[in-house]
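Below you'll find the structure, written out as structure tokens, and then a few comments.
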Amino acid sequence: MDPLAAIGCQDDADIRLDLAALELAAADRVRADLAAPIAYIESLAGRLEAPISGSAARAEALAGLLAREEHFTGDAEAYDAPRNADLLHVLERRRGLPIALAILYVALARRVGWQARVLGMPGHVLVAVGGEADMALIDAFHHGRIVDAATLPPASGREIALLDNRETLVRLLANQATRARQAGDDARALTLYRRLTLIAPTLPALWWERARLERLAGDKEAARRSLAAMRETTHDPELETRIRAAYEALAR
């Protein structure tokens with residue numbers, strides 16, 4: 001099975017964020033050897049294995065290792081460069097987008113048995129270590145800075161929320177797709193949306209954008225297939241109406 005399709009078939013709790021992000025990066029390479037980057041991540045985990053209690057102490061240890069010892073931080077100089085969302089490049093350069101760095105932090109924490117998730121915010125993400133009662137926050141992009149939760153803006157709806165594994169991977173890829181669209185590279189955006197629908201096949205919005213890009217590329221049959229897949233993911237009458245209208249537009 002295609003590695004990305006395999007991610008799409010997994011239950012969310014079974015997704016290994018670092019391994020999945022490496023597979024997404026490998027999709028852009030003809031022969032990607034993931035053995036070395038996986039071994040490097042495992043070696044980092046080995047350096048965190050000493051018993052550490054408390055979310056604050058664990059966050060400090062995690063940031064100390066990745067930001068201060070290994071020098072992982074954000075790429076502020078070339079923020080929009082596609083390589084910053086590619087975990088293989090991030091491991092090589094020690095630079096990346098907030099979401100790519102957060103995936104590394106979270107995956108490493110989980111490898112040593114610590115609770116950790118990505119906290120999604122408008123235009124940014126943080127690393128959340130521990131449970132809601134004693135959560136410690138790390139800004140991986142800004143040199144592993146520890147963030148006081150009291151300084152965060154009030155949550156509005158789902159604007160600030162802990163992301164599950166699939167949502168985290170979708171955010172990683174959608175980051176790249178948005179930048180491709182902004183650069184006028186619809187072909188690249190379509191490639192990325194095809195990958196998005198592989199790893200998150202039940203999200204209607206991804207199929208909608210894929211169908212739109214396929215129509216723009218002149219591939220009406222592919223667009224119809226994507227709309228049909230979208231229809232299987234929803235029972236929303238409003239979405240059904242939009243899908244029917246899109247079908248009719250493709251028939252013209």
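Values quoted throughout were computed directly from the atomic coordinates according to the rules given, and no laboratory measurement underlies them. Keep in mind the model is a prediction, meaning the values are calculated, not measured. Please note: Cβ atoms are built from the backbone with ideal geometry, for glycine as well, and neighbour counts cover all protein chains shown.
A few remarks follow.
- Fluctuation leader among 226, 53, 43 - the chain, Gaussian network, Cα springs under 10 angstrom: 53
- Kirkwood hydrodynamic radius of the chain, Cα pairs, Å: 19.2 Å
- Calculated from backbone phi, Karplus (6.51, -1.76, 1.60) coupling profile of region 29-39 in Hz, x at Gly/Pro: 10, 5, 9, 8, 9, 8, 4, 5, x, 5, 4
- In terms of other Cβ atoms within 10 Å, 30, 127, 90, 112 run from fewest to most in the order 30, 112, 90, 127.
- Extension gain, residue 56 back to residue 240 (0.36 nm per residue minus Cα-Cα distance, nm): 61.5 nm
- Other-chain or far-sequence residues with amide H under 5 Å of residue 27's (modelled H): none
- Extension reserve of the residue 162-residue 79 stretch, reckoned as 0.36 nm per residue once the Cα distance is removed: 27.6 nm
- On full extension, the segment bounded by residue 16 and residue 249 gains 79.9 nm, given 0.36 nm per residue less the C-alpha separation.
- Note on region 118-252: Cα Rg divided by 2.2 N^0.38 Å, N the number of residues, gives 1.28.
- Acute angle (nearest 10 degrees) that the helix 237-250 long axis makes with the longest principal axis of the chain, alpha-carbon atoms: 60 degrees
- Per residue, the average separation of C-alpha pairs within less than 8 Å and at least 6 apart gives region 89-210 a relative contact order of 17 percent.
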